[in-house]
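Report on the structure given below.
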Amino acid sequence: KTRDHKSNVIRDIRDAVDDHDSLYLFSFENMRSNKFKDIRMHFREEGKSSRIFLGKNKLMQIALGKTPEDEHADNLRRVSKLTTGSVGLLATSKPRDEVEEYFANFVEEDFARAGSIAPRTVKITADMVATHPVSMTEQFRKLGMPVEVQNGKVALVGGKTEYVACKKGQPLSAEACKILVHFGVKLSEFRVSLVCRWSNGDFEMFQ
């Protein structure tokens, strides 16, 4: 991206810090952009809207400053030092207790991605299979499910009552993830945690 674009981002971040009462650094797991819209909407208060910055760690570090000499304001270098990995910045004037409560309670279930570890064993029952149209039989077979058509309905081969889609503690295959989507099973949790808070020179870590 152009130097102009980068300098605009840096200026945006510094302006956001100046315009709001506090700055929070947050970390997240199992990020999905559609889920993040909920957070953005929540912090769009009337008047002075909060600002969220994501996916620009190096620019965020430069904007905040890395040393006592180049930090934008006192102690922002300490926020900058923690700006690594899956993190974002929230500049807001919302009351502290409201911000902390929102993030403490924020968790959204989502479909798991291939390669993630199954938090629990999931069994697909014959009844669950039977609710699907016969046209799905071939697709299920391609995903490794032993199914057949019995009396005009999809059934597990050999009259079995259940099929283990994934086992707790084992990595999820791409096929297993597709099966879980078909049956509406969400194993992933999108969480956001507060890492630290900065306000008017005061820096504080969250445990």
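Pairs needed: first member in the range 115-142, under 22 Å from Ser188 (Cβ atoms); second member anywhere, open to solvent by less than 50 Å² (accessible area, probe 1.4 Å) and of a type in the set (D, E, K, R); C-beta distance under 7 Å; at least 6 residues apart or different chains.
Listed by first residue and then by second, the contacts come to nothing, as the list is empty.
Name the helices (runs of 4 or more DSSP H) wholly inside the range 47-138 in which the number of residues that are within 30 Å of Leu180 (Cβ to Cβ) is 2 or more. I'd like the intermediate steps shown before the answer.
Working: elements: 57-64, 76-81, 96-105, 126-130.
The helices (runs of 4 or more DSSP H) meeting that bar are 96-105, 126-130.
Regarding Glu101, is this residue acidic (Asp, Glu), farther than 30 Å from Gly201 by Cβ and open to solvent by 70 Å² or more (accessible area, probe 1.4 Å)?
On the way: acidic (Asp, Glu): yes; farther than 30 Å from Gly201 by Cβ: no; open to solvent by 70 Å² or more (accessible area, probe 1.4 Å): yes.
Spelling it out, it is not the case that Glu101 is acidic (Asp, Glu), farther than 30 Å from Gly201 by Cβ and open to solvent by 70 Å² or more (accessible area, probe 1.4 Å).
Could we say that Leu54 is of a type outside the set (Gly, Ala, Ser), modelled with pLDDT under 95, on the phi < 0 side of the Ramachandran plot and touching a Gly at 6+ places or on another chain (Cβ under 6 Å) here? Break it down into steps so the answer makes sense when it comes.
Values: of a type outside the set (Gly, Ala, Ser): yes; modelled with pLDDT under 95: yes; on the phi < 0 side of the Ramachandran plot: yes; touching a Gly at 6+ places or on another chain (Cβ under 6 Å): yes.
In short, yes.
Restricting attention to the range 62-74, and to residues there that are open to solvent by 40 Å² or more (accessible area, probe 1.4 Å) and of a type outside the set (Lys, Arg), which single residue is nearest to Asp15 (Cα to Cα)?
First pass over the range 62-74, keeping only residues open to solvent by 40 Å² or more (accessible area, probe 1.4 Å): 62, 66-70, 72, 74.
Now drop any that are not of a type outside the set (Lys, Arg), which leaves 62, 67-70, 72, 74.
Values: Ile62: 14, Thr67: 19, Pro68: 19, Glu69: 19, Asp70: 16, His72: 10, Asp74: 15 Å.
So the residue we want is His72.
Being under 15 Å from Ala176 (Cα atoms), open to solvent by 70 Å² or more (accessible area, probe 1.4 Å) and assigned to a strand (DSSP E or B) is the filter here; which residues of the range 139-164 pass it?
Correct list: Glu162 only.
Residue pairs, Cβ under 9 Å, 6 or more apart or interchain, first in the range 50-61 and more than 16 Å from Val17 (Cα to Cα) and open to solvent by 20 Å² or more (accessible area, probe 1.4 Å), second at pLDDT 90 or above and among the small types (Gly, Ala, Ser). List them.
Close Cβ pairs (under 9 Å, with a partner that is at pLDDT 90 or above and among the small types (Gly, Ala, Ser)) amount to Gly55/Gly88.
Just to be sure before I move on: is Asp12 at pLDDT 90 or above, in a helix (DSSP H, G or I) and open to solvent by 80 Å² or more (accessible area, probe 1.4 Å) in the structure I sent? Reasoning before the result, please.
Values: at pLDDT 90 or above: yes; in a helix (DSSP H, G or I): yes; open to solvent by 80 Å² or more (accessible area, probe 1.4 Å): no.
Answer is no for this residue.
The values are calculated or read from the model by the stated rules, or taken from the named source; none is laboratory data. Everything numeric in this text was worked out from a predicted model, so none of it was measured. Heads up, the Cβs are rebuilt from the backbone with ideal geometry, glycines too, and the neighbour counts pull from every protein chain shown. These accessible areas exclude ligands, DNA and RNA; they are computed on the full protein's heavy atoms, side chains included. Shrake-Rupley method; radii C 1.70, N 1.55, O 1.52, S 1.80 Å.
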